[in-house]
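Step one of this worksheet: look at the structure below.
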Amino acid sequence: MRRDDGSATQTGTAHTEAVPTEPAAATAPRRGPEAVRAVLPPACREVGQLWIDGEWRPASTGATFDTIDPTTGRHLYTVAAASTADVDAAVDAARRASARWWAMDGQDRARILRRIADALRAHAPQLGLLDTLDAGRPIRDTQTRDVERAARIFEFFAGVTDRLRGANIPGQPGFVNLTRYEPYGVVGAIIPWNYPMTNVATKVAPALATGNGVVLKPAEQTPLSALLIAQVAHDAGLPPGLLNVVNGPGDETGRAIVAHPGIPKISFTGSTEVGRLIGRTCGESLKSVTLELGGKTANVVFPDADLAAAADAAVFTAFMNQGQTCTAGTRLLLHDSIADEFITLVRDRMATIEVGDPLRPETQIGPVVSEAQFDRVKSYLSAGLDDGARLLVGGARPAGAPDAGFFVAPALFVDVEPTMRIAREEIFGPVLSVLRFGDEDEAIALANGTPYGLAAAIWTSDVGRVHRFAERAEAGIVWANTVHTLHPGSPYGGYKQSGVGAEMGIEAVTHLMRLKSIWIGTEPWRSPWVG
Ligand code: ADP
């Protein structure tokens with residue numbers, strides 16, 4: 001297994017002094033507004049502010065919104081909601097800052113991005129706490145894997161900053177033809193709530209590495225960790241204006257970003273429905289757009305697989321982060337000959353999952369993010385039953401979970417047909433659907449048989465089958481005998497309704513920069529009209 005939680009370097013440099021790095025004292029409240037207040041930057045200790053041009057400020061309209069702790073269902077914090085005028089200010093700051101940033105030596109940009117990575121690690125306890133309180137994601141993941149992944153994303157893109165290059169194309173004699181990548185200037189980044197801090201890093205690090213300034217809108221369910229990241233990045237030396245955090249509702253603040261004439265590039269991660277809306281707006285104004293959207297990943301198990309490992313992975317991929325993962329393996333496709341045995345293995349493994357308060361270090365699954373998401377999951381549980389699937393286990397409130405939180409016990413549906421809603425639509429909750437197949441062709445047809453195409457996974461010991469599957473899968477990511485293996489150096493993007501363009505990897509550069517072709521005549525000009 002790949003280790004996400006590699007050794008973290010703690011840097012107590014002067015660059016991190018504005019935000020304390022010590023974990024909150026044992027007596028500090030671990031939950032509620034006081035716990036948030038104890039770790040946010042001082043300017044955000046009454047209300048979470050907007051971060052624009054290297055300064056904290058309230059919304060120009062004074063508008064705010066509330067975030068809820070999904071473990072308790074209670075109010076967690078109040079945060080400023082950016083208006084169109086605030087988005088204007090952020091765009092203006094990003095445009096000015098990006099011009100200065102792009103004029104710097106690439107190695108100086110790289111050094112700052114590396115410092116940000118170290119500073120994120122140094123703030124792991126605080127960042128992890130904020131995401132656990134805001135999103136309900138278990139603290140065992142937020143304070144370790146998530147921070148480490150965010151830091152590594154910054155480190156990977158720090159390595160890109162001084163390696164950007166163009167080409168010299170030897171086409172026509174008498175001319176030198178050069179290509180040059182240039183930043184868009186301002187990238188509008190809109191992110192969802194499922195992995196708040198890694199979503200920030202995924203959008204911000206590559207945009208900064210390619211010379212852009214960023215106007216970032218976190219999801220309204222999880223606005224908090226981005227505020228701390230803004231301060232931490234600033235204290236690590238990121239010049240003002242390059243990262244602007246404008247929290248606010250999607251259909252107001254998000255819409256203002258997408259429609260803004262000063263933002264030539266939009267990078268969005270979220271639902272296919274909103275992605276389609278954003279793509280339409282960008283199409284009308286002919287704006288470049290990268291879309292990372294939903295998924296309905298098939299996890300296909302053949303009889304020659306290591307069944308114990310495959311069952312363990314099937315449970316992990318379906319239920320990690322409460323199933324709120326774009327690449328979650330929510331369709332388990334089993335060969336007829338092993339289906340019954342495998343379902344028993346999955347069921348036994350599910351019985352060992354620790355569900356409960358995400359602040360407990362042993363918890364593996366917390367609540368879903370919001371009441372709306374809870375209702376959505378419940379509606380799909382009903383849809384599964386109405387359509388004739390059999391709920392083998394789960395779906396109710398887990399025993400011992402906090403009373404008012406949005407908890408759903410991991411659910412396993414069998415007797416699922418490919419036409420059922422639970423087999424076709426993205427639920428984004430802890431619901432796993434089992435389908436059966438007779439041979440490889442049928443497995444591939446089923447795997448490809450939804451409108452989505454983000455990821456596909458296969459379990460088999462037949463290497464030829466792995467290659468055939470990888471080639472025929474209509475998906476941007478294929479995993480064989482593994483799931484959820486990701487790396488900042490590897491591109492991530494979807495086919496079909498799962499997205500447009502890829503992020504991460506060196507390929508991200510081509511999505512975040514414009515390409516210019518430069519022709520230089522080396523001989524005296526001769527008009528084609530003469531002679
Ligand atoms: P989910 O369904 O998982 O909440 P969404 O696609 O609704 O995902 O939201 C993802 C992000 O898109 C959030 O930051 C949200 O505020 C934002 N958003 C929602 N609607 C719009 C919109 N019309 N324009 C721009 N951003 C939006």
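The values are calculated or read from the model by the stated rules, or taken from the named source; none is laboratory data. Fair warning: this is a prediction, and the values are worked out from it, not measured in the lab. Ideal geometry is used to build each Cβ from the backbone, glycine not excepted, and the neighbour counts take in all protein chains shown. To get the accessible areas, we keep the full protein, side chains included, count just its heavy atoms, and leave off ligands, DNA and RNA. Shrake-Rupley method; radii C 1.70, N 1.55, O 1.52, S 1.80 Å.
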Exercise. Which residues, taken from the range 376-400, are at positive phi and open to solvent by less than 60 Å² (accessible area, probe 1.4 Å)?
Worked result: G388, G394, G395
Exercise. If you check T144, T71, which single one turns out to be among the hydroxyl-bearing types (S, T, Y), farther than 19 Å from Q231 by Cα and assigned to a helix (DSSP H, G or I)?
Worked result: T144
Problem set entry | Contacts under 9 angstrom Cβ, first residue in the range 469-487 being over 21 Å from V315 (Cα atoms), partner surrounded by fewer than 15 Cβ atoms within 10 Å (Cβ to Cβ), 6 or more apart | H487/R2
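Within the range 171-210, can you find the residues that are in a helix (DSSP H, G or I) and free of Cβ contacts under 8 Å to residues at least 60 places away in the same chain?
Let us first name the residues in the range 171-210 that are in a helix (DSSP H, G or I), namely 196-209.
Hits for the range 171-210 are T198, V200, V204.
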For this session: Exactly one condition in (1) free of Cβ contacts under 8 Å to residues at least 60 places away in the same chain; (2) closer than 22 Å to P303 by Cβ is not met by V414; state its number.
Result: (1)
For this session: Please indicate, with yes or no, whether at least one residue in the range 306-320 is open to solvent by less than 10 Å² (accessible area, probe 1.4 Å), within 16 Å of the ligand (Cβ to nearest atom) and under 25 Å from A201 (Cβ atoms).
Result: no
Problem set entry | Residue under evaluation A423, criteria (1) more than 28 Å from I68 (Cβ to Cβ); (2) assigned to a loop (DSSP other than H, G, I, E, B); (3) touching a Ser or Thr at 6+ places or on another chain (Cβ under 9 Å), criterion not met | (2)
For this session: Evaluate the following for H487: is it closer than 29 Å to D146 by Cα, of a type outside the set (S, T, Y) and surrounded by fewer than 17 Cβ atoms within 10 Å (Cβ to Cβ)?
Result: yes
Exercise. Restricting to the range 254-278, what's the tally of residues that are among the β-branched types (V, I, T), within 10 Å of the ligand (Cβ to nearest atom) and not in a helix (DSSP H, G or I)?
Worked result: 2
Exercise. Among the residues of the range 162-170, is any free of Cβ contacts under 8 Å to residues at least 60 places away in the same chain, away from the ligand (no atom under 16 Å from the Cβ) and not in a loop (DSSP other than H, G, I, E, B)?
Worked result: yes
Exercise. When the range 211-253 is examined, which residues are found to be in contact with a Ser or Thr (Cβ under 7 Å, 6 or more places away or on another chain) and in a strand (DSSP E or B)?
Worked result: G213, K217
For this session: Determine whether D403 is touching a Gly at 6+ places or on another chain (Cβ under 9 Å) and open to solvent by 20 Å² or more (accessible area, probe 1.4 Å).
Result: yes
Exercise. Within the set of pairs 6+ apart or on separate chains, which have a first residue in the range 245-272 that is closer than 27 Å to T78 by Cβ and modelled with pLDDT of 95 or more, a second that is within 11 Å of the ligand (Cβ to nearest atom) and of a type in the set (S, T, Y), and C-beta atoms under 9 Å apart?
Worked result: V246/T253; N247/T253; R255/T281; V258/T281; A259/T281
Exercise. Could you say whether any residue in the range 79-92 is within 22 Å of Q221 (Cβ to Cβ) and part of a strand (DSSP E or B)?
Worked result: yes
For this session: Could you tell me which numbered condition A122 fails, if it satisfies all but one of (1) touching a helix residue (DSSP H, G or I) at 6+ places or on another chain (Cβ under 6 Å); (2) open to solvent by 10 Å² or more (accessible area, probe 1.4 Å)?
Result: (2)
Problem set entry | Given (1) within 16 Å of the ligand (Cβ to nearest atom); (2) within 18 Å of Q324 (Cα to Cα); (3) over 13 Å from the mean Cα position of the chain (by Cα), index of the condition W193 fails | (3)
